[in-house]
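First comes the structure, then the notes that go with it.
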Amino acid sequence: MASFIGVAFGFVVVVLLQCAAAQTVHVVGDNSGWTILQGGAQAYTEWANGKNFVVGDILTFNFETNKHDVLRVQKTSFDACSSSNPIGDVITTGPVNFTLDSAGDHYYICTFSQHCQLGQKLAITVSSSGGTPGASPPSSTTPRLSPPSTSPSPTNTSAICPPDAPAGAPTSPSNPRAMGPNAPPPPPGSSSSKLLAGISVSTLAVIMGFLL
């Protein structure tokens, strides 16, 4: 019983370690953190470009408490920098870790004052499994087959229809053995030779049986 519990515990530990290793932590803005960047919203767009966000990954927002916050919203609220129709509650205590729990587009804004209008907003696309970011699906176009050529191909008419022999020219018969009555008879077939050999061996075996 104790050994079974030990094996089960080890299995659970391995699974947990694999799940932890599979997660990727993305720190929003890297060293700059979650703030109003000089490049505005484009700065966070460039940060997200080339990154592969997968379900189960963690999105970390580093900011100073009571100076910024973070809220996940719908796309319409993201575009309008509005806190209406939120997904969850506003989090005002930093840092914040969001676990990406679904595939699709995720939108985050800061609701402090005019921070969102100044570019403190982030949009990412989460995939259900790992893959190459920005990879386009393989083309499904079928290669076009070139039509068959309509020009007639030259044929060797001499092989199909040999030229007529001139009048009076000798012609060779197709079977050289049928040239005349004095032609030598054909050699015996292989089946006749085998039959004669079989009879000889049988006769020899009978004679040896009598002698012995």
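Summary table
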read-out: Test result for Ser83, in contact (Cβ under 8 Å) with a residue 12 or more places away in the chain, part of a loop (DSSP other than H, G, I, E, B) and either open to solvent by 80 Å² or more (accessible area, probe 1.4 Å) or in contact with a strand residue (DSSP E or B) (Cβ under 7 Å, 6 or more places away or on another chain) (or both); value: yes
read-out: All positions within region 99-129 that are more than 10 Å from Cys81 (Cα to Cα) and in a strand (DSSP E or B); value: Thr99, Gly104, Asp105, His106, Tyr107, Leu122, Ala123, Ile124, Thr125, Val126, Ser127
read-out: Pairs with Cβ under 8 Å, 6+ apart, first in region 36-57 and of a type in the set (D, E, K, R), second in a loop (DSSP other than H, G, I, E, B); value: Glu46/Gly39; Lys51/Pro133; Asp57/Gln23; Asp57/Thr24; Asp57/Leu100
read-out: Residue in region 109-126 that is touching a His at 6+ places or on another chain (Cβ under 8 Å) and open to solvent by 70 Å² or more (accessible area, probe 1.4 Å) present; value: yes
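The values are calculated or read from the model by the stated rules, or taken from the named source; none is laboratory data. What you see is a predicted model; the values in this text were computed from it and never measured. Because the Cβ atoms are built from the backbone with ideal geometry, glycine has one as well, and the counts that use them run over all protein chains shown. When the accessible area is computed, the model is the full protein with side chains, heavy atoms only, and any ligands, DNA or RNA have been set aside. Shrake-Rupley method; radii C 1.70, N 1.55, O 1.52, S 1.80 Å.
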